[in-house]
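Colleague: Structure incoming, see below.
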Amino acid sequence: MDTKSERIIIFDTTLRDGEQCPGATLNIDEKLTIAKQLARLGVDIIEAGFAFASPGDFEAVSRIAETVGTSDGPVICSLARARHEDIKSAADAIKAAAKQRIHTFIATSDIHLEYKLKKTRSEVLSITGEMVSYAKSFTDDIEFSPEDAARSEPKFLYQVLEQAIAAGATTINIPDTVGYTTPSEFGALIKGIKDNVPNIDQAIISVHGHNDLGLAVANFLEAVKNGARQLECTINGIGERAGNAALEELVMALHVRRQYFNPFLGRPTNSEEPLTNIDTQQIYKTSRLVSNLTGLLVQPNKAIVGTNAFAHESGIHQDGVLKNKRTYEIMDAQLIGLNTNKIVLGKHSGRNAFRTRLKELGFELSENDLNKAFVRFKEVGDKKKEITDWDLEALVNDEIQQAPDLFRLELVQVSCGDRSRPTATVTLRNPDGKELTDAAIGTGPVDAVYKAINRVINVPNQLIEFSVQSVTAGIDAIGEVTIRLQYEERVFSGHSANTDIIVASAQAYVNALNRLYAALVNQQKQQQVGGGV
Ligand SMILES: [Zn+2]
């Protein structure tokens with residue numbers, strides 16, 4: 001596409017780098033749901049995973065390639081270390097996509113060469129050429145990353161990049177793997193690459209970075225001023241440690257300040273053409289979806305998508321905003337799709353209206369899932385008069401999260417109050433279809449429910465986070481419960497939505513335990529390969 005050369009390319013790595021953070025583990029259906037939403041958001045490239053890492057990763061990348069990698073959809077990419085078996089696996093996994101990219105990487109900093117790779121600079125140089133050529137034998141679109149570029153010796157970095165481009169890399173990505181650089185340093189690094197790599201005009205410069213010092217977005221914007229044209233980012237900035245650069249912050253900075261960035265892209269200062277292909281109206285919805293499915297909550301004061309990002313609490317501000325929005329608002333909440341929460345359905349709405357609205361919201365459910373979701377919808381309709389888009393999303397996401405093959409919550413019943421000891425009874429259906437019932441006493445109703453569930457499922461774990469949020473305002477609102485639990489070194493999350501928060505709490509816990517249980521079952525089957533930029 002011609003217009004793309006004048007636009008900033010958005011490369012989303014929520015499903016690869018984002019998913020690498022503790023507790024964010026997603027199952028294949030959840031990954032597909034996110035990938036479909038990323039396509040609606042308009043990202044140019046989806047890095048769907050690291051195909052060689054495990055059979056589960058391979059399957060997720062292939063399913064995304066098949067389903068989301070249509071000719072008018074995004075490019076589907078898989079990460080691969082600079083090794084034959086990794087690259088082959090990436091190529092196989094993305095085969096079904098109309099537009100395919102292999103992203104291969106090797107470290108170039110002395111500290112990584114000496115301690116991690118145990119290779120000399122000349123060995124790294126020849127591996128780069130050889131592996132990029134090998135990747136090129138599968139597809140034309142090749143991205144190459146020199147891992148830990150920000151700490152690599154510039155002269156050697158230029159040589160490696162020249163070699164990669166000569167061997168066929170069409171995008172060269174500069175990662176700040178450890179989140180160490182600052183805006184002016186990173187800008188200078190990009191400028192140095194532009195000035196010193198002889199064949200640089202044959203490739204697009206991309207940036208990748210982590211937020212350990214809270215500078216990832218600022219670093220990227222400085223890189224754009226110096227010639228970077230692709231940004232690797234994640235929804236809500238999720239990712240290893242402090243996370244990646246946040247997509248929504250980058251996109252909105254480039255939108256709100258488009259006149260400032262225009263000259264750097266070689267456009268007239270007053271050009272109003274968008275700088276990215278992102279449909280900003282999909283931002284809020286995408287943020288909620290990723291937060292719900294990963295169990296990683298968004299902090300209230302988070303830029304763009306935090307619940308307070310558009311709230312004006314102080315009297316002076318409120319007065320100003322009422323007189324003219326522009327007094328204290330640099331962007332309209334509507335731009336990110338925040339004000340589109342309409343009351344759409346009521347208790348008497350029929351199946352067709354339900355199906356139609358879900359379709360408009362981007363959910364295409366199988367007949368079976370639609371039936372299940374409709375039953376839930378009717379249950380909620382009995383308790384809550386007006387059902388909004390966000391309620392619908394909460395319900396459907398909740399249905400998607402169910403893991404029907406494992407434990408299923410059949411009943412939860414609680415008695416509590418200031419004169420009684422909180423007591424809970426639960427019934428669960430186990431993977432063999434057998435119903436198991438148990439009861440327990442706790443310090444509160446949720447504690448009692450969790451103790452009762454533990455008596456049935458019997459997998460030791462520690463609850464490390466429990467949070468309740470309401471989807472919309474009002475006493476009859478749907479409550480969303482997100483929990484995170486720890487088993488040995490690993491963290492598993494669970495999420496559920498219900499008008500009854502005790503039921504939501506029980507379901508969220510069962511969801512997290514199902515993931516833990518599935519991981520235990522798969523442990524012998526899957527050997528995870530680590531690494532990444
Ligand atoms: Zn990374």
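Colleague: What residue, among those in the range 205-249 that are of a type in the set (Asp, Glu) and touching a residue at least 60 places away in the same chain (Cβ under 8 Å), is nearest to the ligand (Cβ to nearest atom)?
Modeller: Checked the range 205-249; the qualifying residue nearest to the ligand (Cβ to nearest atom) is Glu240.
Colleague: A further question on this structure: Contact list please: Cβ distance under 8 Å, first residue in the range 132-143 and in contact (Cβ under 8 Å) with a residue 12 or more places away in the chain, second residue open to solvent by 60 Å² or more (accessible area, probe 1.4 Å) and assigned to a loop (DSSP other than H, G, I, E, B), pairs at least six apart or on different chains.
Modeller: Short answer, once both residue conditions are applied: Asp141/Lys99.
Colleague: Any idea how many residues of the range 426-447 are of a type in the set (A, V, I, L, M, F, W, C), over 33 Å from the mean Cα position of the chain (by Cα) and over 11 Å from Leu411 (Cα atoms)?
Modeller: 3
Colleague: Are any of the residues in the range 15-23 of a type in the set (A, V, I, L, M, F, W, C) and more than 16 Å from the ligand (Cβ to nearest atom)?
Modeller: no
Colleague: So, restricting to strands (runs of 3 or more DSSP E) that lie completely within the range 44-143, which ones have at least 1 residues that are open to solvent by less than 20 Å² (accessible area, probe 1.4 Å) and among the charged types (D, E, K, R)? Give the derivation first.
Modeller: Numbers: elements: 45-49, 75-81, 100-107.
Result: 45-49, 100-107.
Colleague: Here's something else I'd like to know. Looking at the range 24-39, can you tell me whether even one residue there is away from the ligand (no atom under 16 Å from the Cβ) and in contact with a Pro (Cβ under 6 Å, 6 or more places away or on another chain)? It would help to see each step written out before you state the result.
Modeller: Residues of the range 24-39 away from the ligand (no atom under 16 Å from the Cβ): 25-39.
Imposing the further condition that a residue be in contact with a Pro (Cβ under 6 Å, 6 or more places away or on another chain) reduces the set to 39.
Yes - at least one qualifying residue is present in the range 24-39.
Colleague: Does the range 145-157 contain at least one residue that is crowded, with 22+ Cβ neighbours inside 10 Å, hydrophobic (A, V, I, L, M, F, W, C), within 16 Å of the ligand (Cβ to nearest atom) and assigned to a helix (DSSP H, G or I)?
Modeller: yes
Colleague: Filter the range 186-204 down to the residues that are open to solvent by less than 20 Å² (accessible area, probe 1.4 Å) and either assigned to a helix (DSSP H, G or I) or within 14 Å of the ligand (Cβ to nearest atom) (or both) and list them by number.
Modeller: Phe186, Gly187, Ile190, Gly192, Ile193, Ile200
Colleague: Which residue, of Phe144, Phe186, Phe156, Phe220, is modelled with pLDDT of 95 or more and over 26 Å from the mean Cα position of the chain (by Cα)?
Modeller: Testing whether each residue is modelled with pLDDT of 95 or more and over 26 Å from the mean Cα position of the chain (by Cα) leaves just Phe156.
Colleague: Continuing with the same structure: Say we look at the range 158-178 and pick out the residues that are open to solvent by 10 Å² or more (accessible area, probe 1.4 Å) and within 16 Å of the ligand (Cβ to nearest atom); which of these is nearest to Ala203 (Cα to Cα)?
Modeller: Thr177
Colleague: If you don't mind, another one. Among the candidates Ile502, Ile483, Ile453, Ile464, single out the residue that is in contact with a Pro (Cβ under 9 Å, 6 or more places away or on another chain), of a type in the set (A, V, I, L, M, F, W, C) and not in a loop (DSSP other than H, G, I, E, B).
Modeller: Details: Ile483 fails: in contact with a Pro (Cβ under 9 Å, 6 or more places away or on another chain); Ile453 fails: in contact with a Pro (Cβ under 9 Å, 6 or more places away or on another chain); Ile464 fails: in contact with a Pro (Cβ under 9 Å, 6 or more places away or on another chain).
Result of the check over Ile502, Ile483, Ile453, Ile464: Ile502.
The values are calculated or read from the model by the stated rules, or taken from the named source; none is laboratory data. This structure is a prediction, so every number in the text was calculated from the model and none was measured. We place every Cβ from the backbone using ideal geometry, glycine too, and count neighbours over all the protein chains shown. Just so you know, the surface numbers come from the protein's heavy atoms only, side chains and all, with ligands and any DNA or RNA stripped out. Shrake-Rupley method; radii C 1.70, N 1.55, O 1.52, S 1.80 Å.
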